[in-house]
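See structure below.
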Amino acid sequence: MISRFFLGALLLSMTGLALAQDVKIKKYVLPNGMKVILHEDHSLPVATVNIWYYVGSKDEPEHRSGFAHLFEHLMFMGTDRVPTGQYDKIMEGGGGSNNASTAEDRTNYFDSGPANLLPTLLWLEADRLEDLGRTMTQKKLDLQRDVVKNERRQNTENTPYGKAYETINGLMYPSTHPYHTSVIGSMEDLDNASVKDVQAFFGTYYVPNNASLVVAGDFRAAEIEPLIAQLFGSLPRRNDVPRKATPAIVPQGIRRMTLVDQVQASKTIMVWHSPAAYRDGDAEMNLAASILSGGLSSRLYQRLVVKDKLATDVNANQGDQLLGSLFTIDATLAPGASQDALEHDIDDEVERFAKTGPTTEELKRQSATLEFQTLSSLQSIDSKADKLNEFEYYLGEPNSFKRVLDMFRAATPSSVKQVVARTLDLRNRLILRVVSESAKQDSNPRNTRPAVGGVAPFDPQSPTETTLSNGIKVFFWHRPELPLMSVGAFFRGGADLDDANKAGSASMAADMLTEGGAGSRDAQSYSKALDLLGAQVSVSAGHQNSTARLSVIAGNFDKALDLLSDALMRPKFDPKEWARVQRVTATGLEQANDDPSTVASKVSAREFFGADHPYGRPVSGTPATIRSLTTDDLRKDYARVFQPSNMALFVAGSLDEGQTKMALEKVFGKWKGVAAASPVPTYPKPSNDRLRVVVVDKPGAVQTVVRFVFPSTDASDPNRLKLSALSLILGGSFTSRLNSNLREDKGYTYGAGSQFVLEPHIGYLVASADVRADVTGASIKEFLKEFAKIRTRDVTDAEASKADSSLRTDIIQSLTGLEGVVSRAMSLYARDLPFTSIRSDLASIAEIRATDINALANESIPLEKALLVLVGDKSQILGQLEGLGLPAPVEVKP
C-alpha cells in the first residue's frame, strides 16, 4: 500500500480545546536511540503499535527506485522465529491485523488488535527489526518483487490517470533531488534489486536509531515499558543514517507536457512547489486548497463545474513533504469542453485568489470544517497513534496539537493571500494534460513468543430508547469523551423500488435533498451554512434502505439539526441544480467504465441476477436512465420513502439524553408527512442457474479482473456468522487461502479475496482478484482449486480459531467513534436485529468450530451455479481458458 502523507489542518473549538491540545503521552529514548511514545486510551479493549522508520523514496540509492516500497513488502516475509507466512497468521490468529505504507519521507508499519495481543504485536515487530535482513533469501525477494510489480500494474498502469500522476515527481524535481523518483519505482529498477542490495538497505535504514515506536490503547505504561526495554532496548545501536544532499529548487518557468492514456475524459493537472510540511506558509496553503476546491461552494467548483460547465470534478491539494511540498490542482474535462478554456478558467480563479485572498467567511467556513475533522480523527486510536508519530517526525514533539493549532489560528485572509501570491505563480509551474487514448542466542529475549492472554470481556453500551411525539423511534448513546454529535436517520426503501427504466432514481432523489437546495436556501447557500457550522450532512440510497447522516461539533448541534430537517422535510429539487447534478452524474458514470473493477461489479450484478432483478441494476443508475429522469420522478421517490412513519433516528454524542431529545423533538416531532408505508419489492431467484463465463473486452489491459459470483442465503440465516468465518478462511484476510495462494505463493496479483454479502431477502458470495493478464488462466485454475479444496470440508481448527478472533475484532472495531456506533446500529436495524445482538453474536462466534464451518462448506460454494466475469484484453484471455473445464465464454458490453 502506498499512502501519500496528508496533513489535516488542525483547528479546534474552545469546547474541545483542552482535550485536543493535550493528548497525554510519555516519550523517552532507549539507549540504542529508538524513540518510544506511549499513549493510554481505555475506551475500547484494543491496542495499536505504530512504527515509523525514517526512510522513504527520497533515501533510495541511484537506480534503485521503488526500493523503500519494495522493502515495505519484504518486511512481512518472515524470520527464523516467524517463518514466511506466519507473521500474519500469528497476528490474525489472535484477532489482530496489520498494514504498512510508504511515502517519500518515511515508511510506517501499524498493527492493531485486542489489548491482550499487545505483547505479541511488540514481539513480532522487534523480531523482524533484529533478524529480517539476515534471513532474506532470493525466493522471498522474487515473490515480493512480483507482488509489487502487480501493485504497480493495478494502481498505476491499469488505473485511469495513474501514469500521469507518477510522472509528476520526475518533472518537478531535478535528477539530483531526493524527490525525483516516484514511490512505486520503475520495473527496471525493481528487476535489478538483489538480496545483497536488500540486506545493505536493511542494515542502513532499519535500525533502532532511525525509528519511532508509538504504543497506544488499552494498556498500563508501567506494565508495557519493561517489555519494550526487553524486546527493543536490547537491540544494538547502528551507524548514523546517511542523508542525501538537497539541491535548491530553481524556478524553471512553465513546463508543459501532454500524455495519452486509455481514458474517456481528458484531465488538466497543474503543480507548483510550495512550503514544506509544518513550515511557514504550509498552514495557509492547506487552507487555500480547501477554499479553492473544498465542497459545493468552493471557488473552483463553482466556476468550472457549476457556472462554465467545463469540468466534472476539480480538486486542489497541498501535498505536504519534509523537503518541500507540491501544490496540485487537477480537473477532469467535461464532454465537449476545451482544455484551453479549462486552463484559462483555472488561471483566472487562481490569479483572482492571489490578488484578493479569501473572504473572512470563506476562512471561517474552512476553519469550522477542519475543526470537526480533527476532533473526529481523535476518536480512532489508530489515527491518533499515527498522528503522534507524524508530529514526532516533522516537529520533534509528538504532543504538538497546540503548536500546530497555533499555526492555523494565526492564518488570516491577508496571510493566506500573501502566501498564495508567492506560491501559485502562474509563470512557474507544471501544466500536465492527459488526453484520451544476526545468529540466534538462547538468552535473546526475542527467541520466545509471548503467549496471547485471555480475551477480555466486552459488553458494548446499549442505547436508551425513546419516541418522539409523532411516533419516530430514537436510539441514543451518551458518549461524552469528545464534543461531537452524530445522527443517523434510517428509512426503509431504496433503489430496489426503482423502475427498471428509471434506475438511479432513488439514489438521485437522495442526493438532491442536499444538492438541490433545502428550506429557504439554494444548494450553494445550504453548503455554506453547513461549512460555517463545521457540519457534514449526507443522504444516500442503498438497495433496500435510505439513510441520512449528520456529524457536527456538539455546540452547533441545534443549528445543524435545522439544516438536516430542511433536507429531509423541505427539499427544493431546484431544476437548475438538478441539471447540474444530472449532467455531472451521467458523465461520471460514463467515465466509470474506464475502471475495470467498476465494470466487473456492474456486469456481475446484471449477468448474475438478471437485468430486471432489483440487484441486477446499479443503485447509481446508468447514463441513459439518469438523463431520462425529471424532478417529478425524484419527488415521487422522495415522497414514498422519506416519511416520519418510515423513519428511525440513531444518535450518539456528548450532549445528554434530555438535551438531545429536546432538540430532536423541536425539528422532527411535528413532522406529519404521509402515512403510507413504502412498498416492499419482490426478490426473485438470480437468473443465473448454471456455471457461466462472460468476458468484457478491454484491449491492451495489463491485468484481468477475475470475479466469481455464487448464490447464497440471506441475512436471516442462523448460520450467517459461520458463513462469515468460512469467507474469512477462503478469502477474507491477508492469510486467507486465496490471497496466500495467488499473491504470496504465485505472485499473480496484489490481492485476492472473498466475501458473503447477506442482506434481507437476498445473498451472494463474491470471490475476486485483479491478476496479471498473462496468468489469467493460471489464476482461474488456482481459484477453482481452492473452491474444490475447501468444499471437501478440510478447514482446520487453527483456521477456525483465527477466523473467530478476526470476526470478534471486526465487530469491536466497527464500534470505533460515534460514526461507527451509529452505522453498526443502523445496519442491525435494517436486518430487524437489536443492538444487543452484538453481545449474542460475540458469544456465538466464540463457539464456532471447524466442524461447524466444514458442515456448510460444500453447499455454500456451489460452483455449478456460479458466474465468472472476466474484464481484460480478450485476445489474451480466451486462449488461456482452454483446458480449464469451463463453459464457452460469452462476450458482453459494460
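Quick notes on this one:
- Neighbourhood net charge (14 Å Cβ-Cβ; Lys/Arg +1, Asp/Glu -1) for LYS785: +1
- Sequence-distant residues sharing a close amide H with SER65 (under 5 Å, placed H): SER186
- Our note on the geometry: Cα centres of the range 311-328 and the range 548-597, 25 Å apart.
- Cα-Cα separations in the range 393-542 greater than 29 Å, expressed as whole percent: 63
- Environment charge of ALA752, counting only residues whose C-beta is closer than 15 Å and scoring Lys/Arg +1, Asp/Glu -1: +1
- Atom-type composition of the exposed protein surface of the chain places 51 percent of the accessible area on carbon and sulfur (1.4 angstrom probe).
- Each 10 Å bin, from zero up to the one with the longest distance, holds this percent of the alpha carbon pairs of the chain: 2, 11, 19, 26, 25, 13, 3, 0.
- Couplings 3J(HN,Hα) for the range 123-128, derived from phi with the Karplus relation 6.51 cos²θ - 1.76 cosθ + 1.60 (θ = phi - 60°), are 5, 4, 5, 5, 4, 6 Hz, where x marks Gly and Pro.
- Along the range 746-758 the Karplus relation, 6.51 cos²θ - 1.76 cosθ + 1.60 evaluated at θ = phi - 60°, assigns HN-Hα couplings of 8, x, 7, 8, 7, x, 10, x, 8, 7, 7, 9, 10 Hz to successive residues, with x for each Gly and Pro.
- Rounded Å value of the spacing that divides the Cα centres of the range 599-656 and the range 359-377: 31
- Structure-based [θ]222 nm, the chain - -39500 (n - 2.57) summed over DSSP H runs of at least 4, per residue, nearest 500: -12000 deg cm²/dmol
- Amide proton proximity set for LEU259, modelled H, under 5 Å, gap of 5+: ARG433, VAL434, VAL435
- Average accessible surface area per residue within the chain, 1.4 Å rolling probe, Å²: 38
- Cα coordinate range in the range 586-719, projected on the principal axes (Å, largest first): 60, 42, 34
- Using the Cβ of PRO413 as centre and a radius below 13 Å, the other residues enclosed give a net charge of +1, where K and R count +1 and D and E count -1.
- Cα gyration tensor shape for the range 841-894, rounded if a/c is under 1.5, else prolate or oblate: prolate
- Per-residue ³J(HN,Hα) for the range 532-539, Karplus 6.51 cos²θ - 1.76 cosθ + 1.60, θ = phi - 60°, Hz, x for Gly and Pro: 5, 8, x, 9, 10, 10, 9, 10
- Whole-number Å³ per residue for the convex hull built on Cα positions in the range 550-660: 171
The values are calculated or read from the model by the stated rules, or taken from the named source; none is laboratory data. Quantities reported herein were computed from a predicted structural model and do not represent experimental measurements. Please note: Cβ atoms are built from the backbone with ideal geometry, for glycine as well, and neighbour counts cover all protein chains shown. We work out accessible area using only protein heavy atoms, side chains counted, and drop any ligands, DNA or RNA first. Shrake-Rupley method; radii C 1.70, N 1.55, O 1.52, S 1.80 Å.
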